[in-house]
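Visitor: One structure is given below, represented as structure tokens, and several questions about it will come after.
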Amino acid sequence: MALLEIDKITKRFGTNTVLDDVSLTVDAGEIIAVIGRSGSGKSTMLRCINGLEPIQGGRITVDGMQVNDKATDLRKLRQQVGIVFQSYNLFPHLSVSRNITLAPTLIKGITEAEGREIAREVLQRVGLEEKLDAYPDQLSGGQQQRVAIARSLAMRPKLMLFDEITSALDPELTGEVLKVLEDMAKSGMTMILVTHEMGFARRFGSRLVFMHEGRIREEGPAAATLAEPRTQELETFLGAVLH
Amino acid sequence: MSYTFQFRDVFAAWEFILQGVAMTLYLSAVTMVLGLAIGVACAAGRLYGPKPLRVLVGVYVESIRNTPLLVQLFIIFFGLPSLGVRFDATTAAVITLAVNLGAYATEIVRAGLEAVPKAQVEAGHSLGLSGLQVFRHIVLFPALRMMYPSLASQFILLMLATSITSQIAVEDLFHVASIIQSRTFRDFEVYTVIGVLYLLLALVFRGGFALLYQLVFARR
Ligand SMILES: Nc1ncnc2c1ncn2[C@@H]1O[C@H](COP(=O)(O)OP(=O)(O)OP(=O)(O)O)[C@@H](O)[C@H]1O
Ligand SMILES: [Mg+2]
């Protein structure tokens, strides 16, 4: 069974249809790069997957749990789905360690000491072990974003969603975050990334999804699709971002 | 002008004055705790509660903020007994002040809660936390820090407003002043001394609040 199944979903804000008949199936271990113009519905699709936005039609199933079902405990579902945002959204009043241990200690009932071990381990994975006791405002943007990734990893999710997580960063800071994503890709994590980093999508994406006006306009193997787009819209889009 | 100042009679009543100070401090402290509790509960109700609760809290806040404190005090002390609900003067004073402060605190707390970015709340939910956990661990502390200056000012206004309870013979600082005045007829001296005492109290509160802020909110 696929890890994620998006089946003909519709998402409207008022009368504005933002996602229209979108379907996507993701197997464990896949890395999906989502690209498309501003406003095409990329963020909204990610937010629907973990139930931050309700949908008006269709079905989303994550690891056998249906997102848009009253009987589903969204909290359980969200423990399986990590999401990292463009703006990091670390909790400013909590130390790096507490940012990471908050959810595991509150939800999984582990002790603060055990939590701290987990924090140490996930920070090591993003190369920031020495920042365990720092506060978010003492970190650079790139470091904050890596902590945000570590915070998600601490819940041991099966699926990670990334929404333009390098867009607010300077080029050199972008590099250090991409490095973390690379390591995660190699470790077999299932990921969906909304990104403008075409190089990354080409090298690590198993599939590319191009969104256009609320629909998936084109989908295929990442490298091949980027090299030879089949639709005029993707060709135009790539022409605009690559030059 | 041939008036000779004479503070001796006023200062002679220092023990009496201290009792008044103690009562004013007691009224202020109890009311602040109760008023803040009411404020947090009502703000949460107004923001996250079901529609009827939100309306109810709105009615409470607006009716308190748009009527005089003295009228509220008289309704509770002189009005409620007609309905069979009777309080002694100090209890009536505490209830009135707490209800009054609660309304102002509700608005301050609500503004503070609303000032916490929605993205913070979403990040909490995305980690699998419940609404209550998000409120308790992610929203409350930054919100309190943001609302702290306004709350502190409101608390000091409340401390000064406790003087109104002398109207129902609560023996606060102002009531004590009136009694000393009626004994000595040293109006100017009495009220100046009492005014200075209120000023000192306000300064002490301000200092205390600043210290508390340093201890609780200004880490590092
Ligand atoms: N909370 C909201 N209320 C109303 N409309 C919204 C809301 N969020 C998004 N939209 C609309 O939905 C559409 C898709 O937005 P979305 O943020 O998903 O686009 P995007 O592809 O992520 O764009 P970008 O590259 O700029 O991030 C836009 O037209 C946007 O105006
Ligand atoms: Mg977006």
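Visitor: Tell me the angle of helix A:112-125 to the major Cα principal axis of chain A, expressed in degrees between 0 and 90 and rounded to the nearest ten.
Guide: For A:112-125 against chain A, the angle is about 50 degrees.
Visitor: Where q = 0.09, 0.14 Å⁻¹, what log10 of I(q)/I(0) comes from the Debye formula for chain B, counting one point per Cα?
Guide: -0.47, -0.94
Visitor: Using the Karplus curve 6.51 cos²θ - 1.76 cosθ + 1.60 with θ = phi - 60°, what ³J(HN,Hα) values do you get for each residue of the stretch A:100-106, in whole Hz, with x for Gly and Pro?
Guide: My calculation for the stretch A:100-106 gives 7, 7, 3, 5, x, 5, 6 Hz in order.
Visitor: While we're looking at this one, here's another question. Across the stretch B:42-53, in residue order, what do the Karplus-derived ³J(HN,Hα) couplings come to in whole Hz, using 6.51 cos²θ - 1.76 cosθ + 1.60 with θ = phi - 60° and x for Gly and Pro?
Guide: 5, 5, 4, x, 6, 8, 10, x, x, 3, x, 5
Visitor: Could you check what % of the DSSP bridge pairs in the protein assembly as shown are antiparallel, to the nearest 5? Please report the intermediate quantities before stating the final value.
Guide: On the way: 20 of 38 bridges.
Looking only at bridges with both residues in the protein assembly as shown, the antiparallel portion is about 55 percent.
Visitor: Next up: Please report, in whole Å, how far the alpha carbons of the stretch A:84-193 spread along each principal axis, starting with the longest.
Guide: Principal-axis extents of the Cα atoms in the stretch A:84-193, largest first: 38, 31, 20 Å.
Visitor: Report, as a whole number in µm² per second, the diffusion coefficient that Stokes-Einstein gives for the stretch A:34-157 at 20 °C and 1.002 mPa s using the Kirkwood radius over alpha carbon pairs. Please report the intermediate quantities before stating the final value.
Guide: On the way: Rh = 15.7 Å.
My calculation gives 136 µm²/s for D.
Visitor: Then there is this: Check A:I83: other-chain or 5+ apart residues with amide H under 5 Å from its amide H, H built from backbone geometry?
Guide: Answer set, sorted by chain and number: A:L161.
Visitor: Another one. For the residues A:M191, A:M160, what sequence is obtained by ranking on other C-beta atoms within 10 Å, fewest first? Working shown, then result.
Guide: Numbers: A:M191 23, A:M160 20.
Result, fewest neighbours first: A:M160, A:M191.
Visitor: Mind listing P(r) for chain A? All alpha-carbon pairs, 10 Å bins, whole percents.
Guide: Taking all Cα pairs of chain A, the binned fractions are 7, 31, 35, 21, 5, 0 percent.
Visitor: In addition: Taking chain B as the reference, fit the longest principal axis to its C-alpha atoms, fit the long axis of helix B:187-216 to the helix C-alpha atoms, and give the angle between the two in degrees, 0 to 90, nearest 10.
Guide: 30 degrees
Visitor: For chain B, set up a Gaussian network in which alpha carbons nearer than 10 Å are linked by springs, and say which option among B:I179, B:I95, B:I64 fluctuates the most.
Guide: B:I179
Visitor: Search the structure for amide H atoms under 5 Å from the amide H of A:A28, placed 1.01 Å from N in the peptide plane, and list their residues when 5 or more places away or on another chain.
Guide: So A:A28 has HN proximity to A:L3.
Visitor: Using only Cα positions of the stretch B:143-190, each an equal point scatterer, no hydration layer, compute I(q)/I(0) via Debye at q = 0.21, 0.23, 0.28 Å⁻¹ and quote the log10 values to two decimals.
Guide: The Cα Debye sum returns log10 ratios of -0.73, -0.80, -0.95.
Visitor: Gap in Å between the Cα centre of the stretch B:73-87 and the Cα centre of the stretch B:114-168?
Guide: The stretch B:114-168 and the stretch B:73-87 have Cα centres spaced 32 Å from each other.
Coordinate-derived values only; no laboratory data. It should be emphasised that the depicted structure is a prediction, and the values quoted were computed from it without experimental measurement. Backbone-built Cβ (ideal geometry, glycine too); neighbour counts: all protein chains shown.
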